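The values are calculated or read from the model by the stated rules, or taken from the named source; none is laboratory data. Values in this document were obtained by computation on a predicted structure and should not be read as measured data. Cβ placement follows ideal geometry from the backbone for every residue including glycine, while neighbour counts extend to all protein chains displayed.
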Amino acid sequence: MGDFKPLLRLGEETALEKSVNLFRRAGIEHLQVILGHQAELLMPLVAKLGVAHTVNPRYREGMFTSVQCAMRQLPDSIGAFFLLPVDMPLVREQTLQTVRKAWQTSDKGIVHPVFWGRRGHPPLISTSYRQMILDSRREGGLKALLLPFGEDSMEIEVPDEHCILDMDRPQDYAYLRHRWDRYAMPSYRECEHLLAHHFAVSAPVAEHCRMVARVALTLAVRLNRAGLPMDREQLQAAGLLHDCCRQYPDHAIVAARALQELGFPKIAELVATHMEIVPSASSDPSPHEVLYLADKLVAGPHLVSLDDRFAAKRIRFADQASALAAVERRQGIAQRILEKCENRLRQSLADVLAPDALEALKG
């Protein structure tokens with residue numbers, strides 16, 4: 001990247017502002033910005049942020065000298081420290097909290113956030129390594145220095161692809177800008193990570209979620225083409241995560257709460273209504289209705305008709321009046337939403353959702 005990374009903008013803030021504000025939101029008490037190349041350009045912003053800073057006179061010798069510079073400024077009262085390069089400003093606050101909790105509850109001196117097996121930033125490192133870092137003259141930087149201490153380190157998977165995303169190339173910066181625009185929405189890789197690690201759903205549930213996501217995405221794409229705005233990424237994410245808490249009673253509400261706590265309110269709103277919904281008076285389907293319908297058109301990992309989807313439940317609850325009424329009500333709602341989609345698309349959903357017409361999951 002030819003641009004000056006600390007001042008690259010993501011939304012209304014620079015990369016440096018986002019990094020500082022991330023740690024402040026997470027309740028990190030002592031912040032230290034280490035300046036080097038073109039430090040004079042950052043002085044006004046650092047002053048505005050009111051954050052402690054130090055200029056590293058040896059920055060040309062490599063990043064490790066900036067780490068050493070930071071160690072000299074650490075108060076003795078601190079037990080551990082995070083290290084974050086300025087070109088990784090979109091790490092989620094939840095990641096910091098997860099890493100900090102892991103460090104506090106384990107006997108390890110170093111905790112690395114990991115995304116799909118790949119180590120990310122920021123690591124949390126005990127200050128017991130401080131003097132060793134200051135005294136080191138070896139090549140290879142901090143990574144090489146800490147390599148012999150594998151038994152004192154642990155890795156913790158986090159559903160945060162931003163912990164491995166930097167801005168080394170223009171295309172990297174472009175992707176980070178896209179992710180910032182969609183920050184309140186988990187990416188495709190983050191959704192898959194949530195299913196596998198955070199919620200640890202079974203393989204059959206994961207396959208069902210993927211098919212629901214493909215149906216929801218396909219409907220969103222086709223409705224967009226028909227002039228009805230739909231957020232494709234949002235519906236894909238909601239489809240992938242709609243059954244993330246299926247093992248619990250009232251699983252839609254439980255899932256919505258969990259997703260809200262993870263920082264995904266828009267997805268939580270959609271997931272909350274995938275089991276019970278009041279259809280809108282509009283002749284066009286809403287995103288909530290699209291997700292509801294997509295779920296009802298999938299049994300296990302397979303696309304099915306509404307009649308086939310509800311047939312087994314009709315038989316199962318044939319002698320339970322209230323339960324049967326609920327089944328019939330849900331099928332009726334799904335049928336009305338299906339008709340809304342077909343009227344807008346002027347095409348049968350059996351054709352729209354033909355196996356060779358389904359959109360592939362993207363991200």
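The conditions are (1) modelled with pLDDT of 95 or more; (2) among the charged types (D, E, K, R); (3) outside any loop (DSSP other than H, G, I, E, B), and LYS143 fails exactly one of them. Which is it?
(1)
Got a number for residues in the range 205-256 being of a type in the set (Asp, Glu) and within 19 Å of GLU276 (Cβ to Cβ)? Break it down stepwise before answering.
Pass one, the range 205-256, residues of a type in the set (Asp, Glu): 207, 231, 233, 243, 250.
From what is left, the residues that are within 19 Å of GLU276 (Cβ to Cβ) are 243, 250.
Qualifying residue count, the range 205-256: 2.
With the condition kept exactly as written, say whether any residue in the range 116-132 is buried (at least 19 other Cβ atoms within 10 Å of the Cβ), assigned to a strand (DSSP E or B) and assigned by TED's automatic domain parsing to the domain that holds LEU35.
Looking for residues that are buried (at least 19 other Cβ atoms within 10 Å of the Cβ), assigned to a strand (DSSP E or B) and assigned by TED's automatic domain parsing to the domain that holds LEU35, one finds at least one in the range 116-132, hence yes.
Grab the helices (runs of 4 or more DSSP H) fully contained in the range 195-298, keeping just those with 3 or more residues being free of Cβ contacts under 8 Å to residues at least 40 places away in the same chain. Spell out the reasoning first.
Values: elements: 203-225, 232-241, 251-261, 265-272, 287-296.
The qualifying helices (runs of 4 or more DSSP H) are 203-225, 251-261, 265-272.
In the range 48-73, what residues are of a type outside the set (S, T, N, Q), closer than 20 Å to GLY27 by Cα and surrounded by fewer than 14 Cβ atoms within 10 Å (Cβ to Cβ)?
Those that are of a type outside the set (S, T, N, Q), closer than 20 Å to GLY27 by Cα and surrounded by fewer than 14 Cβ atoms within 10 Å (Cβ to Cβ): LYS48, GLY50, ALA52.
If you scan the range 147-165, which residues turn out to be in a helix (DSSP H, G or I) and either surrounded by 21 or more Cβ atoms within 10 Å (Cβ to Cβ) or over 13 Å from the mean Cα position of the chain (by Cα) (or both)?
Answer for the range 147-165, where residues must be in a helix (DSSP H, G or I) and either surrounded by 21 or more Cβ atoms within 10 Å (Cβ to Cβ) or over 13 Å from the mean Cα position of the chain (by Cα) (or both): LEU147, PRO148, PHE149, GLY150, GLU151, ASP152, GLU161, HIS162, CYS163.
Would you mind stating whether ARG25 is among the basic types (Lys, Arg) and over 22 Å from the mean Cα position of the chain (by Cα)?
Criteria not met by ARG25.
Scan the helices (runs of 4 or more DSSP H) fully inside the range 302-355 and keep the ones with 3 or more residues being under 17 Å from THR218 (Cβ atoms).
On the way: elements: 306-316, 321-345, 349-352.
Answer list for the range 302-355: 321-345, 349-352.
So which residues in the range 1-57 are closer than 28 Å to SER77 by Cα, in contact with a Leu (Cβ under 7 Å, 6 or more places away or on another chain) and among the small types (Gly, Ala, Ser), if there are any at all?
Once the filter is applied, which keeps residues that are closer than 28 Å to SER77 by Cα, in contact with a Leu (Cβ under 7 Å, 6 or more places away or on another chain) and among the small types (Gly, Ala, Ser), the range 1-57 yields SER19, ALA26, ALA52.
When you look at PHE115, is it under 26 Å from the mean Cα position of the chain (by Cα) and either in contact (Cβ under 8 Å) with a residue 24 or more places away in the chain or within 30 Å of GLU192 (Cβ to Cβ) (or both), yes or no? Outline the logic, then answer.
On the way: under 26 Å from the mean Cα position of the chain (by Cα): yes; either in contact (Cβ under 8 Å) with a residue 24 or more places away in the chain or within 30 Å of GLU192 (Cβ to Cβ) (or both): yes.
Considered against the rule, which asks whether it is under 26 Å from the mean Cα position of the chain (by Cα) and either in contact (Cβ under 8 Å) with a residue 24 or more places away in the chain or within 30 Å of GLU192 (Cβ to Cβ) (or both), PHE115 comes out as yes.
Which numbered condition in (1) surrounded by fewer than 19 Cβ atoms within 10 Å (Cβ to Cβ); (2) at pLDDT 90 or above is the only one that ALA323 fails?
Only one criterion in (1) surrounded by fewer than 19 Cβ atoms within 10 Å (Cβ to Cβ); (2) at pLDDT 90 or above is unmet by ALA323, namely (2).
Identify the residue in the range 188-209 that is surrounded by fewer than 18 Cβ atoms within 10 Å (Cβ to Cβ) and charged (D, E, K, R) and, among all such residues, is farthest from ASP160 (Cα to Cα).
GLU207
Would a scan of the range 166-187 turn up a residue that is at pLDDT 95 or above, part of a helix (DSSP H, G or I), of a type in the set (A, V, I, L, M) and not assigned by TED's automatic domain parsing to the domain that holds PRO265?
Within the range 166-187, one or more residues are at pLDDT 95 or above, part of a helix (DSSP H, G or I), of a type in the set (A, V, I, L, M) and not assigned by TED's automatic domain parsing to the domain that holds PRO265.
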